[in-house]
Amino acid sequence: MAVRAPISLPPSRVLRLRSRSTWSDSLLPLEHLNQPLSSRPLVARAALPGSGSSGSNGPHAPSISPSSASSAIDFLTLCHRLKTTKRKGWINHGINHPESIADHMYRMALMALIAGDIPGLDRERCMKIAIVHDIAEAIVGDITPSDGVPKAEKSRREQEALNEMCKILGGGLRADEIQELWAEYENNSSMEASLVKDFDKVEMILQALEYETEHGKVLDEFFLSTAGKFQTDVGKSWAAEVISRRNKRLGELA
């Protein structure tokens, strides 16, 4: 079998390797590809603060520090409350075993996942906002209009809670991202935030319809409180579909 000579490449050419986890670039001269593996220089891959790998990549792979793991588990343990805290609006209307805050946010994230493409819209960001928008309720609970808390005070309490949660997480890039996503939703400052706000209302009236069907109740309050408040074409369309199904059901019961 003939053995080909190594391909010689100009030293000026480089191969750009991109790390998906950090979106940072490392440069490896292509001339090193002609060298035996044992003599090639190692290229370190940048990692996010507090991140690491399992060690499967050998002794040069970064490891997760115990403090980082501890902060992550502390944060996730606190977020467990989102799974166990029931949405107060349903409790106030006598719904047995109602959905949790986490249930609500999860279906909103699914809404972002399945919505049709919208020019200029960042679908992944919508999903992140949906997951984060009620996260402070892990500390402050589900504050509803019936509680009589002014909107500004509710926002202040939630911001304070979010700050505490981000301290528990240990700060850093992920904590900053959570703060940014929450503020974007709170201020309705982007196309993504507006769509997720619509999903928040659509999810609520869809859940109201489901509880009406399951428990034989009439939950007009939730439909009246959202009427005319949808901002996006997707939100308006989906809300109209929910309302149409409700009207059909009510008509059949009349």
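If the condition is being surrounded by fewer than 19 Cβ atoms within 10 Å (Cβ to Cβ) and of a type in the set (F, W, Y), then region 75-123 contributes only Y106.
Cβ separations smaller than 8 Å between residues 6+ apart or across chains give the following pairs from region 79-95 residues that are farther than 20 Å from A130 by Cβ to residues that are aliphatic (A, V, I, L, M) and modelled with pLDDT of 95 or more: H93/L219. Residues in region 221-236 that are without any contact (Cβ under 8 Å) to a residue 60 or more places away in the chain, part of a helix (DSSP H, G or I) and open to solvent by less than 70 Å² (accessible area, probe 1.4 Å): F223, T226, G235. Please work out if G120 is outside any helix (DSSP H, G or I) and at pLDDT 95 or above. Against the criterion (outside any helix (DSSP H, G or I) and at pLDDT 95 or above), G120 qualifies. Taken residue by residue, region 187-195 has no member that is among the hydroxyl-bearing types (S, T, Y), closer than 29 Å to H97 by Cβ and open to solvent by 50 Å² or more (accessible area, probe 1.4 Å).
Give the residues of region 162-178 that are open to solvent by 20 Å² or more (accessible area, probe 1.4 Å) and either over 26 Å from D117 (Cα atoms) or among the aliphatic types (A, V, I, L, M) (or both), sorted by residue number.
Of everything in region 162-178, those that are open to solvent by 20 Å² or more (accessible area, probe 1.4 Å) and either over 26 Å from D117 (Cα atoms) or among the aliphatic types (A, V, I, L, M) (or both) turn out to be N163, E164, K167, I168, L169, G170, G171, G172, L173, R174, D176, I178.
All told, F199 falls short of being buried (at least 18 other Cβ atoms within 10 Å of the Cβ), farther than 17 Å from I129 by Cα, touching a Gly at 6+ places or on another chain (Cβ under 8 Å) and of a type in the set (A, V, I, L, M, F, W, C).
The values are calculated or read from the model by the stated rules, or taken from the named source; none is laboratory data. What you see is a predicted model, and the numbers here were worked out from it, not measured in a lab. Reconstructed Cβ throughout: ideal geometry from the backbone, glycine too, with neighbour counts over all protein chains shown. To get the accessible areas, we keep the full protein, side chains included, count just its heavy atoms, and leave off ligands, DNA and RNA. Shrake-Rupley method; radii C 1.70, N 1.55, O 1.52, S 1.80 Å.
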